[in-house]
Amino acid sequence: MKVAIFDFDGTLYKNETFSLLMNHLKEHPEYGSRYNRFYRSILVPYIGYKIRIYPESKMKIQMMQRYLRTFAGLTENELTDYFAEIANQMNEYYNQKVVAKLHEHAANNVYIMIVSGAFTPLLQEVAKDFPVDKIIGTDVPLINGSLDMHKNIDHVQAERKTELIYKALQEKEVNWENSFAYGDSFSDLPVLELVGNPVSVCPDEKLRETAVKNKWEIIE
């Protein structure tokens, strides 16, 4: 079995999901009043990251954790509706070259995966428009059908992505040499190196250097 693994932010979706999450909350007719409290809560980790005393990975976890806590009291169905609203805003911002690759792989019976640090309910809404076999994202903790405010998220990034990919495919016989992976950031390198056909998409500087050195395909 061949697989094709797609990162989401900066790869399948051209932009950064978290910026859209923030703007949607700020302008939301029902939840917009919660934005200022959320914004104040992320200032310390964000400033710490900017002055390089707070690791980027830790900052991202804190921002996503605090974003979820903004929705205290919401049910799973209400959260699903909220993420569906955001997914609908993404439609015109997909990288069509990458979308074409996804459909091409699916037509060739390649097992399609989206692996991202974005919230899983958002990715599930996005995947309704694509032939996706497996989604790996940052799960929203729930208890009794509502947001669990006491459980921390397991943010999917860097090496954690490869761990979850292996776990998801452990009962399948994968032809890694003839499989594909798509990513835009040097942090995607652990996933890109899993396969024989890594593809960098509008890569950052470090990933571009690696892609050029190794003669990987680059989608601009």
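Here are a few things to note about the model shown:
- Any chance F83 is at pLDDT below 95, surrounded by 13 or more Cβ atoms within 10 Å (Cβ to Cβ), of a type outside the set (K, R) and touching a Phe, Trp or Tyr at 6+ places or on another chain (Cβ under 9 Å): no
- Looking across the range 1-45, the residues that are of a type in the set (A, V, I, L, M) and exposed (fewer than 15 other Cβ atoms within 10 Å of the Cβ) come down to M1, L43, V44.
- Unique match (being over 24 Å from G73 (Cβ atoms) and touching a Ser or Thr at 6+ places or on another chain (Cβ under 8 Å)) among I136, I165, I153: I136
- Restricting attention to the range 47-76, the residues that are on the phi < 0 side of the Ramachandran plot, loosely packed, with under 15 Cβ neighbours inside 10 Å and free of Cβ contacts under 8 Å to residues at least 24 places away in the same chain total 7.
- Residue count for the range 86-108, restricted to those that are of a type in the set (F, W, Y) and loosely packed, with under 15 Cβ neighbours inside 10 Å: 1.
- Among the candidates Y94, Y111, the residue that is farther than 30 Å from I42 by Cβ and among the aromatic types (F, W, Y) is uniquely Y111.
- The strands (runs of 3 or more DSSP E) found wholly in the range 166-220 and carrying at least 1 residues that are under 16 Å from V115 (Cβ atoms) occupy 180-183, 197-201.
The values are calculated or read from the model by the stated rules, or taken from the named source; none is laboratory data. No experiment lies behind these values; they were computed from the predicted model shown. Cβ sites come from the backbone with ideal geometry, for glycine too, and all protein chains shown count toward neighbours.
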